[in-house]
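**Student:** I'd like to ask you about the structure that follows.
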Number of protein chains: 2
Amino acid sequence: MSAELDFIAQLRPLATDPGARGLLDDTAVVELAGGTLVLSHDVIVEDVHFLAEDPPGDVAWKLVAVNLSDLAAKGAQPLGVLMAYSLKHEAEWDAAFVAGLGEALAGFGLVLYGGDTVALPAGTPRFLALTAIGRAAGSVPSRSGARHGDAIWVTGTIGDAHAGLRIAMGERNGADELVERYRLPRPRLEAGQRLAPIVTAMMDVSDGLLLDTRRIAEASGVGAVIDLEAVPMSAAYLTYAGDDRGARLSAARAGDDYELLFTAPPERAAEILALSDEIGLPFTRVGRIEAGAGLRLLDHGKEIPLPPQLGYEHH
Amino acid sequence: MSAELDFIAQLRPLATDPGARGLLDDTAVVELAGGTLVLSHDVIVEDVHFLAEDPPGDVAWKLVAVNLSDLAAKGAQPLGVLMAYSLKHEAEWDAAFVAGLGEALAGFGLVLYGGDTVALPAGTPRFLALTAIGRAAGSVPSRSGARHGDAIWVTGTIGDAHAGLRIAMGERNGADELVERYRLPRPRLEAGQRLAPIVTAMMDVSDGLLLDTRRIAEASGVGAVIDLEAVPMSAAYLTYAGDDRGARLSAARAGDDYELLFTAPPERAAEILALSDEIGLPFTRVGRIEAGAGLRLLDHGKEIPLPPQLGYEHH
């Protein structure tokens, strides 16, 4: 059996939907009763988005999670995925990847609809592409709906994943839970679905809270103010980095959080906090939308200069 | 402006559908009035599926065409695409690619819904992933419906693209139209849509007529016979390769044809030939489905041994 057929045979148990046609066909066929389709297509590349020494199962999880995080920000319910996989004739890596993929898909209630495998020349970094297909029940938030006077909120805690990356790379010491935040991001699907009818704008925080806030402000044609001291940080992060302005700026500029950043009129605050309690995930108010343009940063009420880099910009 | 933002700005004119949200959002949002969604996700990699010296616009065309060929085999109408692109800081290549992508999308009446770009380390081959989204009006053929007694048909001519590849690589001399068949495959969308209600099984020929015929036979639990002398070859191919058994076997094992291979009961022959006339694309009967299993090959009615390789097998 060729390496590709062997790999597809390993994937077949994950392709439980009839639309996947047992991975024996070139396309997936999905029956829809109408509604709104939400599609994301994100790629992760070895040495860019993950480390060669990361556990392969965690890489599979991350590939699924980063795509679902995009769907979460739309309030969409994910249905399944298509994956393009690069085979490098490392059967043990592939098997561990498939096991992790199976856990991720099962954990999120998804099916594998199909995809493609391609054998890569030796020495090429692994390149993994995933398309996630979801359905939105009602309104689908965008980045562009924030209005003057809205509060800015974020779910969970900020900065953990980037700290985890530095710990995984051996640059710093810190808690394993930070490394886990880097390797196994949790897309905020339930929060996204429940928040979608309430928010005026929403996106996931993948490139840094400050940068992504500025993106919402730009897309919405408004300004934004972030209160640095309000940015929620975990106990593990505070132990790792301290609680001075530098540590907070570092968290607010870090990537890979995969939390949700959203705006809503201030009068929705009680409803938002009740929802936070109900689903057991902190939602924290970190700033407000104002007239004008651009991003401003306050530290205990005093404006401070923006850092030269607001987050992870792609070059 | 970063290279990524600059590239996305070049793509924006192709994202004409409101669902693409001007490429400013992380997902595409597609309204559907119900029906059947058909999804393909194929990747092409430099030095594997295309040559580094191929014109970038032709690479874009091929990326779109190979995915649409999968949709054609389902009788689906393509709606749009998501693309994952690798940026290598070669602005001229990128611009030529975008121009070719625009031509391909316009030519097929498609929109760009979104996707992802990733900057690759120097020395890495380009890796291009595309997800094509289509809608099927009625029945969606699979590989597995062929029945004993069905005729096996193929559209167009076989072997041209592989000859074109060898010419493009400077290994052989031959007509430019063969190189064009390699670089600019034409997905048989109209044929697929019109044939879908008639056929018992259908797929596109991407890895070789013999190999893909055996795949239909295996998926359908039947045997198949191909009449080698019936395999349709172009005048340019005959000039390039001659018309002996070796030339015919070589065509029948070659990849990248992107024609449609389908089976249908013999009593549908007149209808199939009338359709061929109507849309101006030859459909040729090349064999038949029989009881049993496996593939047999006839040359002027006499059984001949199968070649050791039936087509392009992925390893």
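The values are calculated or read from the model by the stated rules, or taken from the named source; none is laboratory data. Since this is a predicted model, take the numbers as computed values, not measurements. Cβ: placed from backbone, ideal geometry, glycine included. Neighbour counts: every protein chain shown. Just the protein is used for accessible areas: all its heavy atoms, side chains included, with ligands, DNA and RNA removed. Shrake-Rupley method; radii C 1.70, N 1.55, O 1.52, S 1.80 Å.
**Student:** Check whether at least one residue in segment A:181-198 is under 15 Å from the mean Cα position of the chain (by Cα), among the polar types (S, T, N, Q) and closer than 22 Å to A:Asp70 by Cβ, and report yes or no.
**Tutor:** Yes, because at least one residue in segment A:181-198 is under 15 Å from the mean Cα position of the chain (by Cα), among the polar types (S, T, N, Q) and closer than 22 Å to A:Asp70 by Cβ.
**Student:** Separate question: Identify, from the list A:Leu210, A:Leu228, A:Leu189, A:Leu238, the residue that is within 18 Å of A:Asp299 (Cα to Cα) and either open to solvent by 20 Å² or more (accessible area, probe 1.4 Å) or free of Cβ contacts under 8 Å to residues at least 40 places away in the same chain (or both).
**Tutor:** A:Leu238
**Student:** A further question follows. Look through segment A:1-13, keep the residues that are over 20 Å from B:Val38 (Cβ atoms) and at the interface with chain B (Cβ under 10 Å from one of its Cβ atoms), and return whichever of them is surrounded by the most Cβ atoms within 10 Å (Cβ to Cβ).
**Tutor:** Filtering first and then ranking leaves A:Phe7.
**Student:** Looking only at residues that are over 10 Å from the mean Cα position of the chain (by Cα) and buried (at least 23 other Cβ atoms within 10 Å of the Cβ) in segment A:249-262, which one is farthest from A:Ala219 (Cα to Cα)?
**Tutor:** The extreme case among them is A:Ala251.
**Student:** Residues A:Gly221, A:Gly174: which one is open to solvent by 10 Å² or more (accessible area, probe 1.4 Å), in contact with a Phe, Trp or Tyr (Cβ under 6 Å, 6 or more places away or on another chain) and touching a residue at least 24 places away in the same chain (Cβ under 8 Å)?
**Tutor:** A:Gly174
**Student:** Name every residue in segment B:21-54 that is at the interface with another protein chain (Cβ under 10 Å from one of its Cβ atoms), part of a helix (DSSP H, G or I) and not charged (D, E, K, R), in order of residue number.
**Tutor:** B:Gly22
**Student:** Next question. At the interface with another protein chain (Cβ under 7 Å from one of its Cβ atoms), over 30 Å from A:Ala254 (Cα atoms) and open to solvent by 10 Å² or more (accessible area, probe 1.4 Å), is that true of A:Thr16?
**Tutor:** Against the criterion (at the interface with another protein chain (Cβ under 7 Å from one of its Cβ atoms), over 30 Å from A:Ala254 (Cα atoms) and open to solvent by 10 Å² or more (accessible area, probe 1.4 Å)), A:Thr16 does not qualify.
**Student:** Given the condition assigned to a loop (DSSP other than H, G, I, E, B), open to solvent by less than 10 Å² (accessible area, probe 1.4 Å) and aliphatic (A, V, I, L, M), answer yes or no: does some residue in segment B:90-104 qualify?
**Tutor:** no
**Student:** Next question, about the same structure. Of all residues in segment A:111-160, which are of a type outside the set (A, V, I, L, M, F, W, C), at the interface with chain B (Cβ under 7 Å from one of its Cβ atoms) and within 16 Å of the chain's Cα centre (by Cα)?
**Tutor:** A:Thr131, A:Ser142, A:Arg143 - these are the residues of segment A:111-160 that are of a type outside the set (A, V, I, L, M, F, W, C), at the interface with chain B (Cβ under 7 Å from one of its Cβ atoms) and within 16 Å of the chain's Cα centre (by Cα).
**Student:** Could you say which residue among A:Gly57, A:Gly107 is without any contact (Cβ under 8 Å) to a residue 24 or more places away in the chain, away from chain B (no Cβ under 11 Å), farther than 23 Å from B:Glu31 by Cα and open to solvent by 10 Å² or more (accessible area, probe 1.4 Å)?
**Tutor:** Being without any contact (Cβ under 8 Å) to a residue 24 or more places away in the chain, away from chain B (no Cβ under 11 Å), farther than 23 Å from B:Glu31 by Cα and open to solvent by 10 Å² or more (accessible area, probe 1.4 Å) holds for just one of A:Gly57, A:Gly107, which is A:Gly107.
**Student:** Same structure again: Out of the residues in segment A:110-120 meeting the condition of being without any contact (Cβ under 8 Å) to a residue 40 or more places away in the chain and not hydrophobic (A, V, I, L, M, F, W, C), tell me which one is surrounded by the fewest Cβ atoms within 10 Å (Cβ to Cβ).
**Tutor:** Within segment A:110-120, the match that is surrounded by the fewest Cβ atoms within 10 Å (Cβ to Cβ) is A:Asp116.
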